[in-house]
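See structure below.
The values are calculated or read from the model by the stated rules, or taken from the named source; none is laboratory data. What you see is a predicted model, and the numbers here were worked out from it, not measured in a lab. We place every Cβ from the backbone using ideal geometry, glycine too, and count neighbours over all the protein chains shown. All accessible areas refer to the heavy atoms of the entire protein, side chains included, with ligands and DNA or RNA removed. Shrake-Rupley method; radii C 1.70, N 1.55, O 1.52, S 1.80 Å.
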Amino acid sequence: MLKEIYKKNRYKFLISLIPVVIVGIMAPMRSYIMQLLIDSSNYRELLEKCLFAAVFSIGVFVFEWICKKSQAVVVRDIEKDLRNHLMQKLFYISANQFEKKGLAYYLSKFTTDIGILLNDGVNNVYGMIMQFVFAVVAVIYLLCVEPFVLLIVAAVSFVQFAVPNILKKKIASSRKEYTEALEVYLDGIKSDLGGHKVIRTFGAVEQILGKQKKLSDFVCRKNEYSTKTLYWAQALASFVNNAAFLVVLGSCMFFVAAGRITVGEIVAITNMMNFVLTPCKTISSGMIQLKAMEKVKAELEALLEQESENDNKEIIEENIREIRLDNAGQKISDNFSLDKLSMTFEKGKKYAIVGKSGSGKSSIIKLLTEYGPDYTGKVLIDGHELSGLNKESIMHVSPVCYQQTYIFSDTVYNNVALYQDYSKDEVIEALKKAGIYETIQKLPEGVDEKIQENGRNFSGGELQRIALARLFLRNKTMTFLDEITSGLDNATAYEIEKRLLDEDMTIINITHRYNKALMQKYNEIIVMCAGKIAERGNFDELMEKEGEFFDLFKILSE
């Protein structure tokens, strides 16, 4: 993917190199102009050459501006493509793949890694190309003026190109360690700032600050080590450069004493050799940076090239009529598995999955939606084996509503429509179905009212209803509900669940609420225990059995 991005921008890059090359030619030629000024034989000739030098300097300024402007445009377009492709990739890999790395890992790609790729990569290449042109022009001049000086410069410059190989592995390794440490640090910040209220409520501020101090110290030390390693390499390159300069300068003084060059050529050669030695140092440092970013580049490339678990699998585009599990099982963790589940969910019916915490209720939804093909037995959706289906398409046909309501810092309308092409009338109708429109209508901006960060200007129940309106807007015929009323008061939870059960859709609801009126609306109640089905049936049947459900209902019923 990185190659494709570079290929897409190659013509812009090549065009932007034209002013780079022009500046690369003009900058060293200022040394030649200095020679002409110093060696002028009379006042008139000096005046003419001064005028030429002024025009030349203006030309250098203009082309340097064009050079920087065109370079900035190319870097901008590459950065934009990188960010867009990375975001697109992340939204098309499965939830299973996404959660293996964690949010902090991906945030570091958008910040640290892309920054390294642009600064140590693209911008660095521009600089190295210009330095190379400097060196070529200077070499041509030295060859014309005094070939022996050129041989000396070439000999000492060769040493500088060996420097990047001395510490290249250590530099690359230290840079990688720093980016990994930064991922850990970002993850810690995200976690602790997310628990801001909890931390303050339970008086754990000092402990958290202590933990963050250790994390900060860890990442700063990794950055220090990476920077020191890079500085050692650059210092070594600088030492070689200074030694080379002294050797060349001494040689030039010998040729001056021998009468083989003029006073003007002394100044020009002194300046020109900087356009050989300095580029060698700069290119050497640039090579160090390119080598140091190789691991970061390879990791970003691997992420952009990663195939989704859903790629090349059959897409479900119609309403699901039946889901059937036949002795299905799946390992959830080292200590817990779903075991020999056999059940059928039919279109238009309502199902409640209940049980104690950790019994495997939510794991059933994870099995059916986004969490990998590694299951045993059979899981058939309209007769098609789950492992051969695109699970993303399953979620489109039968979305999952989770207990954790995700709300964007945007308008009510955009939170319901999710930036898709729905009219305000359609959104309002969905809000009415969710039982929240009367509240929204009273707001100053109505559906255009902005929901603040973390939804702090709305209650939990109101946010849950806004999220529920997303489902009603899309008019789906099947949905999975994963304890969506968890954390709500009884009255609000009852009303939300009742509204859903009154809809003409297939509902598979993970719930911990045991309201009799609601439980009687379900066609089947499935009771989970330790990853297995303990019992199943409608409300009256299970109450008559006086088994697992009966005990739960007595304890937890409202």
Next item on the list: Specify which labelled value, from (i) 1.17; (ii) 0.96; (iii) 1.14, agrees with Rg/Rh (Cα atoms, Kirkwood Rh) derived from the coordinates of the model shown.
Entry: (i)
Note to self: A 29 angstrom limit on the alpha carbon distance is what I want to check against. Which of K80/K295; K109/K170; K391/K545 exceed it?
What the structure shows: K391/K545
Notebook entry, point to check: To two decimal places, what compactness ratio does region 186-237 give when its Cα radius of gyration is scaled by 2.2 N^0.38 Å?
Noted result: 1.67
Next item on the list: Just need the relative contact order of region 347-436 here, percent rounded to a whole number, with Cα pairs under 8 Å and 6+ apart.
Entry: 15 percent
Notebook entry, point to check: Radius of gyration and Dmax for region 15-64's Cα atoms, expressed in Å?
Noted result: 12.6, 43
Next item on the list: Calculate the length of the line joining the C-alpha centroid of region 455-490 to that of region 178-199, in whole Å.
Entry: 28 Å
Check: Put +1 on the Cβ of every Lys and Arg and -1 on every Asp and Glu Cβ in the chain; which of T376, P28, I436 then has its Cα farthest towards the positive end of the dipole?
Finding: P28
Notebook entry, point to check: In a Debye calculation with equal point scatterers on the alpha-carbon sites of region 339-481 and no solvent, what is log10 I(q)/I(0) at q = 0.16 Å⁻¹?
Noted result: -0.92
Next item on the list: Could you work out the relative contact order of region 1-116, using alpha carbon pairs under 8 angstrom and six or more residues apart, expressed as a whole percent?
Entry: 38 percent
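Region 481-558: percent of C-alpha pairs farther apart than 17 Å?
Percentage above 17 Å: 44.
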Next item on the list: Mind running the shape call on region 58-216? Use the C-alpha gyration tensor, a ≥ b ≥ c as the square roots of the eigenvalues: rounded below 1.5 for a/c, prolate if a/b tops b/c, oblate otherwise.
Entry: prolate
Margin query: Could you sort E294, E318, E183 by their accessible area in this structure, using a 1.4 Å probe and putting the largest first?
Written below: E318, E294, E183
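Holding the Cα-Cα limit at 24 Å, pick out from K433/K554; K214/K331; K350/K432 the pairs that are longer than that.
K433/K554; K214/K331
Hey, any idea what Rg/Rh is for region 58-137, computing Rh the Kirkwood way over Cα pairs?
Rounded to two decimals, Rg over Rh is 1.18.
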Next item on the list: Show that you can apply the helix-only estimate: for the chain, add -39,500 (n - 2.57) for every DSSP H stretch of four or more residues, divide by all residues, and state [θ] at 222 nm to the nearest 500.
Entry: -21000 deg cm²/dmol
Item checked: Cα centroid separation - region 51-112 against region 266-297, whole Å -> 23 Å
Checklist line | Residue-level accessible surface for M34, protein heavy atoms, 1.4 Å, Å² | finding: 80 Å²
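With +1 assigned to the C-beta of every Lys and Arg and -1 to the C-beta of every Asp and Glu, and no other charges, what is the dipole magnitude of region 302-455 about the Cα centre in debye, to the nearest 20?
On the way: 18 positive and 27 negative charges, 201 e Å.
My answer is approximately 960 debye.
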Notebook entry, point to check: By average Cβ neighbour count within 10 Å, what is the ranking of 127-134, 418-425, 116-123 from highest down?
Noted result: 127-134, 116-123, 418-425
Margin query: Can you give me the orientation-averaged projected area of the convex hull built on the Cα atoms of region 422-541, in nm²?
Written below: 8.7 nm²
Next item on the list: Express the relative contact order of the chain as a whole percentage, based on alpha carbon pairs under 8 Å and six or more residues apart in sequence.
Entry: 15 percent
Notebook entry, point to check: Around T376, which amide H atoms from residues at least 5 apart in sequence, or from another chain, sit under 5 Å from its own amide H, with H modelled in the peptide plane?
Noted result: G329, Q330
Item checked: Per residue solvent-accessible surface (Å²) - region 329-452, probe of 1.4 Å -> 49 Å²
